[in-house]
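Visitor: Below is the structure I would like to discuss, written out as structure tokens.
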Amino acid sequence: MKKATNDSSGSDRRNGATYRITPEEIRQYNEQGYLILNGFLSEEEMAFLDPWFDHFVQGKEPNMGRDFCDMSQPYGTPMEQFRLVNAMLPSKYRPELVNNIYHQVAQSAADQLYEGTAVMDYEQFLAKRPGQAAAEFAMHQDLGYWPKTKNTWTATFSLALSDSGLENGCLQVCPGTNHEPELRNHKPKDFGGEGKGEQVNRDESHTLVIETKATDEIVYLPVKRGSVTIHDERIVHGSGGNTSSIWRKTYVMAFRDRETVDQERAIGFTHSHNDEVNWDEIIH
Ligand SMILES: O=C(O)CCC(=O)C(=O)O
């Protein structure tokens, strides 16, 4: 079992809302498709996010429709049975979260990783309940979830609001798969209901799965609270269940080129699970 860590504490990297990334880290991100940055936010900054995270994950934000769901089970699963709790677009529902400190610091890092105009495309809160071995996030490439755009670059940040390790289902990646020339086939996850064995569609399940290859080498990315992982849109990744007694809490935030985001919005794609989207539409 392979684990990746970053030995830098990161404590000297912040200057205001800027987090400085080294040329070596940028090279690693481009080659391997992922990066770990420690000490991304201070404890004081995290303390602002914690209550909002819990508010959403406890289902206290009204009228979210499918934006409050379980990524490991079909839509319609009762909240009490959620294992991998997902709250999409928190700052759309709560203006208090707009341009929060995480957004600002992640923006500074995205600007260093990509030339162009990085803008925040979407965000989500993800939480794995303790003792839920089935709270898995199926292996996928992010691009497989989205409409096809000409420019695809994406930097997806996952801020650990709790320590995240093997037992509570930390992120796992297959380094280098970001350089595969073709996107792999993705299909909606079959949860084994009435249509077991048949193709389910994305109205029943937002979750997509890919077939993994024998050559895929999984690397686990354990991180401490306050650190981030960053991955690109093509790397094969996912996460395992939570067999521990502590929650895994993650705040995901993705940055893409401004033009790409404008193109997504022009066809009504906002990353809300309530969007009505023609998934086959190609944006030129
Ligand atoms: O953090 C996880 O468990 C998976 C999240 C993920 O796949 C993503 O943000 O693209």
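Bear in mind these aren't lab numbers, they're just calculated from the coordinates by the rules spelled out. Because the structure is a prediction, the values reported are computed rather than measured. Note that each Cβ is placed from the backbone with ideal geometry, even for glycine, and that neighbours are counted across all protein chains shown.
Visitor: For Glu182 and Asp54, compute 0.36 nm times the residue count separating them, minus their Cα-Cα distance, and round to one decimal in nm. If you can, show how the numbers build up before the last one.
Guide: On the way: separation 128, 0.36 × 128 = 46.08 nm, distance 3.85 nm.
Using 0.36 nm per residue and subtracting the Cα-Cα distance, I get 42.2 nm.
Visitor: Follow-up. Would you mind working out the magnitude of the charge dipole of the chain relative to its Cα centre, with +1 at each Lys and Arg C-beta and -1 at each Asp and Glu C-beta, to the nearest 20 Debye? Write down the numbers at each step before the final one.
Guide: Values: 29 positive and 43 negative charges, 95 e Å.
For the chain, the charge dipole is close to 460 debye.
Visitor: A further question on this structure: Quick one: Glu136, Glu44, Glu204, fewest Cβ neighbours within 10 Å first, how do they rank? Each step should come with its number before you reach the end.
Guide: Values: Glu136 20, Glu44 8, Glu204 16.
With the sparsest Cβ surroundings first, the list reads Glu44, Glu204, Glu136.
Visitor: Hey, another quick one. Of Lys60/Lys213; Lys2/Lys128; Lys60/Lys148; Lys128/Lys213; Lys2/Lys92; Lys150/Lys224, which ones are farther than 32 Å apart at the Cα? Please list the in-between numbers first.
Guide: On the way: Lys60/Lys213 40 Å; Lys2/Lys128 22 Å; Lys60/Lys148 34 Å; Lys128/Lys213 26 Å; Lys2/Lys92 37 Å; Lys150/Lys224 36 Å.
Those over the limit are Lys60/Lys213; Lys60/Lys148; Lys2/Lys92; Lys150/Lys224.
Visitor: With each pseudo-label sitting 7 Å past Cα toward Cβ, what's the Gln81-Thr215 distance in nm, one decimal?
Guide: 4.0
Visitor: Report the label-to-label distance for Asp275 and Ala138 in nanometres (one decimal), using points 7 Å from each Cα along the Cα→Cβ vector.
Guide: 1.9
Visitor: What list do you get for Trp247, Trp153 if you sort them by fewest beta carbons within 10 Å?
Guide: Sorted ascending by nearby Cβ count, the order is Trp153, Trp247.
Visitor: Taking the dipole about the Cα centre of the range 36-171, with the C-beta of Lys and Arg at +1 and of Asp and Glu at -1, give me whichever of Leu171, Ser72, Phe40 is farthest to the positive side.
Guide: Value: Ser72.
Visitor: Still on this structure, please answer the following. Compute the Cα gyration tensor for the range 1-155, then decide on rounded, prolate or oblate, letting a ≥ b ≥ c be the square roots of its eigenvalues: rounded whenever a/c is under 1.5, prolate when a/b is larger than b/c in the other cases, and oblate in all that remain.
Guide: prolate
Visitor: Per residue of the chain, what 222 nm ellipticity follows from adding -39500 (n - 2.57) for every DSSP H run with n ≥ 4, rounded to the nearest 500? Present the calculation step by step, with values, prior to reporting the outcome.
Guide: On the way: 5 runs with 51 residues, N = 284.
My calculation for the chain gives -5500 deg cm²/dmol from helical runs alone.
Visitor: Please compute the net charge surrounding Leu161, taking Lys and Arg as +1 and Asp and Glu as -1 over other residues with Cβ under 10 Å from its Cβ.
Guide: On the way: positive: Arg225, Arg248, Lys249; negative: Asp50, Asp54, Asp163.
For residues surrounding Leu161, the net value is 0.
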